[in-house]
Amino acid sequence: MGTVLFFFTKKLTTPRELSREELLVNGFYELPQERKISNFELKTSDGILLNNEFLLNKWTLIYFGFTRCPDECPVTMSIARDLFNTLIEKGVDISNLKLILISIDPEHDDKELINRYAKGFFSEFYGVQTSRPQLLSLATQLDVLITAPPDHHNEDTYHLDNHQNNLILINQSGNYHGFFRPPFNLENVLLTYQSVVF
């Protein structure tokens, strides 16, 4: 009787695995085949090295944003924070879930500023700034369109206005697995995340 009750409870509490089509309808695109990421190195202002090895044995969300972003970035970062908090409330161990915010405005976001911005949403988030060549390399590999700034490097920010707001999901092998697409809804993000990860 106890065994039957255990498996019945487990069935009720274990997230259902969604098909690729159901994931897409709920805002998550799963790549037909996971994709390797070329070697990279990013370092936070407090000296934590984020590289290919860091991605192993955990699920990682990567978001490309910037601190002066008026609306899309705060909304996306808030959804990510709510995802982490909801998983904690459900009793899920999130020690193998990380989020890295990569600045698309490295000319204005220094390492300390972007890291402080990320941690303002959730203390365990990482914010990093890198050189524009490495930024463009990572963004291209993760299907994120980023427009280069004008050559004169003045205060124009139009090149930042249309950046993509996808939340990239990296799997435990350190490979690009898929992405969550806006507009974001916490219920859908939670549903699709649990289906893919659990």
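Values in this text are rule-based calculations from the coordinates and carry no lab data. For clarity, every value in this text was computed on a predicted model and none was experimentally measured. For neighbour counting, all protein chains shown are included, and Cβ atoms are generated from backbone atoms with ideal geometry for every residue, glycine included.
Could you tell me what a quarter of the Cα convex hull surface of the range 28-197 works out to, in nm² with one decimal place?
Answer in nm², one decimal: 9.3.
If Lys and Arg each add +1 and Asp and Glu each add -1, what is the summed charge of the other residues whose beta carbon sits under 14 Å from the beta carbon of residue 67? The partial results should precede the final answer.
Numbers: positive: 68, 111, 116, 119; negative: 71, 72, 105, 107, 109, 110, 112.
Net local charge, residue 67 excluded: -3.
For residue 123, project a label point 7 Å along Cα to C-beta. Then give me every residue of the range 79-105 with its amide nitrogen under 19 Å of that point.
Answer for the range 79-105: 80-101.
Net charge within 11 Å of residue 175 by Cβ-Cβ distance, Lys/Arg positive one each and Asp/Glu negative one each, not counting residue 175 itself?
On the way: positive: 35, 36; negative: 34.
Spelling it out: positives minus negatives among the neighbours equals +1.
Cα centroid distance between the range 94-118 and the range 68-86, in Å?
First find each Cα centre; the distance between them is then 13 Å.
What residues qualify as long-range amide H neighbours of residue 56, i.e. H under 5 Å apart, gap of 5 or more or another chain, H built at 1.01 Å from N?
Long-range HN contacts for residue 56: none found.
Give me the percent of Cα-Cα pairs in the range 53-111 that sit more than 13 Å apart, rounded to a whole number.
Distances greater than 13 Å cover 66 percent of the Cα pairs.
Which of 192, 106, 141 sits farthest toward the positive end of the charge dipole of the range 28-197, with +1 on the Cβ of Lys and Arg and -1 on the Cβ of Asp and Glu?
The Cα lying farthest towards the positive end belongs to 192.
Net charge around residue 123, counting only other residues with Cβ within less than 14 Å of its Cβ (Lys, Arg = +1; Asp, Glu = -1)?
+2
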